[in-house]
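Everything on this sheet refers to the single structure shown next.
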Amino acid sequence: MKEHWQNYINGEWVDGGAGRLDVINPGTGEKLAEQALADAGDVDKAVTSAHELHLSGALSGLRPVERGRMVQAMGRYLLEHIDEIAQILTLEQGKPLWEARIEVEGAARYFEYYGNQAETVEGRSIPLGKGYFDFTTHEPYGVSAQIIPWNYPLEMTARSLSAGLATGNCCVIKTPELTPLSNAWFAHAAEAVGLPKGAVNIICGYGHEAGVALSAHPLVNQIVFTGSVPTGIAIASAAAKNVVPCVLELGGKSAAIVHDDADLEAFENDVRWGIYFNAGQVCSAMSRVIAHENVHDELVERITNVAKSLNVGPGIDQPDFGPTMGAMVSEQQRDRAVDMVIEAVKEGADLSTGGHKLNRDGAFMEPTVLSGVTPDMKIANEEVFGPVLSILKFNSDSDAIKIANNTPYGLVGGVFTKDLDRAMQASQKLRAGQVFVNEWYAGGVETPFGGYGKSGYGREKGREALWNYVQTKNVAIKLKD
Ligand code: NAD
């Protein structure tokens, strides 16, 4: 394990003007490594390098198929190094090793998908009548600033970086303070595939220092932010001051509506992935189940059994797929989740299982189920970002939709029923950017993802995301008579 990790600016590995940060292994509570911290001066160097590369045209002027091949090759590079990357990711983030491998594969998949899309960003010709020829082109913005959260540091960077590069943007990534290490492989990949210096800059720094400097930098042309609502508001404000577009992928309090004709046995698997994958630190987690009164008690029992079946321990000891859950990212995040459960019980919720931290070193929390939750409770409205599922009850379809839509968020939603008409009605009425019918997380890199309401705006993933990274230019030509 390397002790000291640097930032990557203009093709060079460098220390940071803000000193170093201790990266902690949440599976043990011990120091893992030191990470260089960028200050505003380092941010300026990274943005300037990206800006100069953009002006040179060395990336944006490439034939798209060539750029696309390099983007695809970055994904293959990640897969070739999956063993080492997954191990670092587990050690810095806490997730089981098998989950970390899934994340590396997921990150690689973005490069495959957007590398393939690079040569599909075509304009159109618009008829203006005799005497004119008109066409549109889509040009990269220039410098794309991408600010990343700690829960899926690889996938979240891959999601924006792959689309940004495929469309010809030069990118500056601000990695999360808690989990900065695994992002180093994007720099290695960029070098290995021959991207020009300045195309990929990877810097870690504090949000209030490097994050603020990056989002306010006058040479940044477009911002993608994934993280919490308050930070999203700060970044959107900074973007507005420079009049640059931004995409905000924020939090959620997403609900699965389970009707009395649903396949309850199959739903157990949705619970296992929906709320206990990555110890519930997923923006689109199934953090609420809204259960029909006829199946409510059976569901509480089934869900409680799923939670109880999971072994919780250090991710590095969990190499193989199985009923396991790792640490949360930090003791602070864990304690916040435990406190929210205590408060929910005070408000009248029933603790069906879990709710406590584990009596061992590391940021561990028991898989938790709260039943008897009502829509007015804080736990039904605020994101826990931990392995805590709240179960609410409904007795009519309209009641279920009302409860599901009763939070300020709107990231994803789910409906579980054999009745197609009922599922379609729900899919139209749920206030969410993505609706899952009979399988939580159905979809993939190909399907657009993003929020309604306080979950943000703009879409990542799918064809839709490409348009975040390009601006349209119209060229109208007056022909000689
Ligand atoms: P956060 O907002 O605290 O931090 C995210 C990033 O923003 C970090 O890199 C941080 O350093 C930076 N930052 C903090 N303050 C900043 C500022 N003032 N200006 C610029 N940058 C700043 O979020 P987090 O705690 O790292 O992540 C958890 C949140 O992210 C949850 O709410 C979760 O739902 C959300 N999330 C959303 C998605 C999605 O795709 N919708 C995906 C993952 C996580």
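Where a number appears in this text, it was derived from the coordinates with a stated rule and is not lab data. This one's a predicted model, so the numbers in the text were calculated from it and none came from an experiment. Using ideal geometry, Cβ is built from the backbone for each residue, glycine included, and neighbour counts are taken over all protein chains shown.
In order along the range 309-323, the phi-based Karplus estimate (6.51 cos²θ - 1.76 cosθ + 1.60, θ = phi - 60°) of 3J(HN,Hα) comes to 6, 8, 8, 10, x, x, x, 5, 8, 10, x, 10, 3, x, x Hz; Gly and Pro are listed as x.
Taking the charge dipole of the chain about its Cα centre, with +1 at Lys and Arg Cβ atoms and -1 at Asp and Glu Cβ atoms, the residue from Tyr8, Gly348, Ala327 reaching farthest to the positive side is Tyr8.
Amide H contacts of Ala33 (H built 1.01 Å from N, in plane; Pro and chain starts excluded): Val23 sit under 5 Å, all sequence-distant by 5 or more or on other chains. Computing FRET efficiency as 1/(1 + (r/R0)^6) for Arg336 and Arg124, where r is the C-beta to C-beta distance and R0 is 51 Å, gives about 0.55. Scanning residues 5 or more positions from Val289 or on other chains, those with amide H under 5 Å from its amide H are Ala256, Ser390, Ile391, Leu392, with H placed 1.01 Å from N in the peptide plane.
For the chain, what are the DSSP H helices with axial Cα length of 15 Å or more and mean Kyte-Doolittle hydropathy of at least -1.0?
On the way: long enough: 40-56 (24 Å, -0.12); 64-80 (24 Å, -0.36); 82-93 (16 Å, 0.39); 97-117 (30 Å, -0.71); 153-166 (19 Å, 0.46); 229-242 (20 Å, 0.81); 264-276 (17 Å, -0.31); 296-308 (18 Å, -0.60); 331-346 (22 Å, -0.71).
Once both thresholds are applied, what remains is 40-56, 64-80, 82-93, 97-117, 153-166, 229-242, 264-276, 296-308, 331-346.
The ranking of Arg124, Arg67 from fewest to most other beta carbons within 10 Å of each one's beta carbon is Arg124, Arg67. Over all other residues within a Cβ to Cβ distance under 10 Å of Ile148, the charged ones net out to +1, with Lys and Arg as +1 and Asp and Glu as -1.
Full extension of the chain between Asn395 and Glu265 yields a length gain of 44.7 nm, computed as 0.36 nm times the residue separation minus the alpha carbon distance. Among Phe436, Phe225, the ranking by other beta carbons within 10 Å of each residue's beta carbon, starting with the fewest, stands as Phe436, Phe225. Counting Lys and Arg as +1 and Asp and Glu as -1 over every other residue whose Cβ lies under 14 Å from the Cβ of Val437, the net charge comes to -3. As a proxy for reagent exposure, Ile342, Ile85 were ordered by neighbouring Cβ count within 10 angstrom, fewest first; the result is Ile342, Ile85.
Across the range 23-181, the mean sequence separation of Cα contacts (distance under 8 Å, 6 or more residues apart), normalised by length, yields a relative contact order of 29 percent. The relative contact order of the chain, computed from alpha carbon pairs under 8 Å that lie at least 6 residues apart in sequence, is 18 percent. Counting charges near Gly168 (Lys, Arg +1; Asp, Glu -1) among other residues having Cβ under 12 Å from its Cβ returns a value of -1. With a simple spin-label model that places each label point 7 Å from the Cα along the Cα-to-Cβ direction, the separation between Arg431 and Asp361 comes to 4.7 nm.
Annotation: amide H of Asp134 within the under-5 Å range of Ile126, Leu128, Ile477, sequence separation 5 or more or interchain, hydrogens built in the peptide plane.
In the chain, helices alone account for a calculated mean residue ellipticity at 222 nm of -11500 deg cm²/dmol, with every DSSP H run of four or more residues adding -39,500 (n - 2.57).
Normalising by the residue count of the range 240-304, find the relative contact order in percent from Cα pairs under 8 Å and 6+ residues apart. The normalised contact order for the range 240-304 reaches 44 percent. Extending 7 Å from Cα along the Cβ direction at Glu84 and again at Lys346 yields two label points whose distance is 4.9 nm.
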